[in-house]
Amino acid sequence: MSQPTIESILQEKRLFQPPAAFSQSAHIKSLADYQRLYEKAKADPQTFWAELAETELDWFQKWDAVLDWQPPFAKWFVNGKLNISHNCLDRHLTTWRRNKAALIWEGEPGDSRTFTYAQLHREVCQFANALKHLGVQKGDRVGIYMPMIPEAAIAMLACARIGAAHTVVFGGFSAEALRDRLIDGQVKVVVTADGGWRKDAIVPLKDQVDKALADGSVPSVSATLVVKRTGQGVLMQGDRDYWWHELQSQVSANCPAEPMDSEDLLFILYTSGSTGKPKGVVHTTGGYNLYTHITTKWIFDLQDTDVYWCTADVGWITGHSYIVYGPLSNGATTVMYEGAPRASNPGCFWDVIEKHGVNVFYTAPTAIRAFIKMGNEHPNARDLSSLRLLGTVGEPINPESWIWYQQVIGGGRCPIVDTWWQTETGGIMITALPGAIPTKPGSATLPFPGILADVIDLEGHSVGANEGGYLAVRYPWPGMMRTIYGDPDRFRRTYWEHIPPQDGQYIYFAGDGARRDEDGYYWIMGRVDDVINVAGHRLGTMEIESALVSHPSVAEAAVVGKPDELKGQDIVAFVTLEGTYSPSDELLRELKQHVVQEIGAIARPGEIRFADALPKTRSGKIMRRLLRDLASGVEISGDTSTLEDRSVLEKLREG
Ligand code: PRX
């Protein structure tokens, strides 16, 4: 594992106080209030969470115990019964929110739709009945491979309503990647669309589903449910494929929410780790509902009049927690946008903000950097005065982008919450609370109340102020992942045994490097394992390597990240060829395309370098650390004495 270092942010000393007017009406109003909450939660986490669960959520049956912790396996709100779709929909229908906009959707071509809570509830009930009609039952898994259209959220809530677990697969993943995930999740029904709009082109989602399911390669799948979005021709297989609009007209809108146990599976979401196979991260019902609810409320300071917009895709955890479940559980108005930043419409985000009067806006540093490059004239030409709070997520934000975001988008008046978290954590873990915690550009600031975060060494000891170390959490929290689907041993090894448990104390190992400064502020330094973060997308280097070696020309491959101004990191692959093949531009293009086909466009290597051999230790391990330096064009640092053959390195340097 490499030690994290980011020199530029070490120099960052600016401090921004929450604006007084903002603090006055905020849920958490001062640093002292935050500290009180933090200390209270730290002293007795279970009581802290239990009180919130009681006041913030509806339960069909109260829990017997707040936490059952058999490290590393946690159960929260044991024997409690609830339904997250009830908490996101039904409970608002008996209030004035019944006719409030729940979901405002904006399509890439400029079409838009709005659903009130009553309307969304109706759609979800119908969708749930359609799933039942296709044989889906409580405990089954449903795959969702969708564009960013309302039906994606509706399908998720419909699954939750009847107790089926969803596994959403990002629409940018290839047919092969989709197939692997459907097989691992033993999915029964796949919800998809004919196509979706992305950067002015149609993504042929149904075609990809057909490829993934070809020749019965996913035997568990008995049906697909297809939403008509783009209208292009698709092949419907008579005994397997159903149009959503046709089924909708046949099903009732009456579908009571199934009482679910707190620990019933809510969803599986696949994410990359340091081995070749993506992990199915498991989240359950009660703890996840509470954690996403309360983090949304306090971090985005949701007020009932707010229009809130998170630009993520529902294929990622950010979309799950902060487009769908967190905001709707709070009775908020959540915006969903199909489009992505693109050259043909360099003001697209700002148009959505102006059109819908967005008050709270949550996006990724990679999008911010793309918009900086497109020029200030685009945001400047729109009315962004509705904004009162900004957020970022997914990767470290460089202070320059932070300041641009604050000045150009936030008009200097909006606090920024830089939120650190992961698919595994379910919700935001380290962040400012915008009315309470002063911010420093580039720092995620302080842990959320109830999160006993730390920066530690590999023995589990806290490191001193400004010393680099590993980001860790010392106590379970309600939103934490419960296991890896079908692989509890991998769960234990990956997250809980990196730091050897001592005296029964298990520490959650996040896989990120971090530094805590003299004020206790956290500065996240990026991954310390073989995971890279490209444009906010998390990719395992070994996944890309396996994709490359599955091409007949490739003998060996090693993939590393190199810094990239726009994407944060870019993918560089070092490849050795099988005897009969020789390097050519054509092969290079073919290999890039092969990775796209195996994983998806997000994994396309920015650069592929052909090599005669890869640098290895005497025991045959590829020394990626050296390749990282080479790829980044920096002097090779650190020890090279374990290299088996020094001439390999010399050759790579020359090449
Ligand atoms: O390296 C951290 C980075 O994203 C990783 C988690 O990726 P994923 O599970 O895909 O979830 C992304 C959205 C929650 C983390 O291990 N990361 C996430 N947020 C930040 C971040 N790095 C720095 N600052 C952040 N605010």
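Observations on the model:
- Range of Cα positions in segment 390-537 per principal axis (Å), largest first: 49, 34, 27
- Modelled spin-label separation between Asn79 and Asp645, with each label point placed 7 Å from Cα along the Cα-to-Cβ direction: 6.6 nm.
- Unpaired by the 4.7 Å Cβ criterion, cysteines found in the chain: Cys88, Cys159, Cys310, Cys348, Cys414
- Pairs of Lys residues in segment 532-654, spaced 8 or more positions apart or belonging to different chains, with C-alpha separations under 19 angstrom: 4 in total.
- Tensor-based shape of segment 84-216 (alpha-carbon gyration tensor, a/c under 1.5 rounded, otherwise prolate or oblate): oblate
- Summed over qualifying helices (DSSP H, 4 residues or more, each -39500 (n - 2.57)) and divided by its residue number, the chain shows a 222 nm mean residue ellipticity of -8000 deg cm²/dmol.
- Each of the peptides 384-390, 283-289 was scored by the mean count of other Cβ atoms within 10 Å over its residues; in descending order, highest first, they stand as 283-289, 384-390.
- All lysines inside 17 Å of Lys440 as judged from Cα atoms, apart from same-chain residues fewer than 8 positions distant: Lys13
- Placing +1 on the Cβ of every Lys and Arg and -1 on the Cβ of every Asp and Glu, with nothing else charged, gives the chain a dipole about its Cα centre of roughly 960 debye.
- Anisotropy class assigned to segment 191-260 is oblate, per the alpha carbon gyration tensor with a/c at or over the 1.5 cut-off and a/b no larger than b/c.
- Summarising the strand pairing of the chain, around 60 percent of its internal DSSP beta bridges are antiparallel.
- Note on the chain: Cα Rg divided by 2.2 N^0.38 Å, N the number of residues, gives 0.93.
- For segment 584-655: rounded, prolate or oblate by the Cα gyration tensor [a/c cutoff 1.5]: prolate
- Volume of the Cα convex hull of segment 239-311, divided per residue and given in Å³: 243
- Label separation (Gln17 vs Arg342): 4.5 nm, computed from points 7 Å beyond Cα along the C-beta direction.
- Both radii come from the Cα set of segment 456-579: Rg as radius of gyration, Rh as Kirkwood radius; their ratio Rg/Rh reads 1.05.
- By the Kirkwood approach, averaging reciprocal distances over each pair of separate Cα atoms, segment 532-654 gets a hydrodynamic radius of 14.7 Å.
Read-outs throughout are calculated quantities, based only on the coordinates presented, and are distinct from any laboratory measurement. All of these numbers come straight from a predicted model, not from anything done at the bench. A quick note on method: Cβ atoms are made from the backbone with ideal geometry, for glycine too, and the neighbour counts reach across all protein chains shown.
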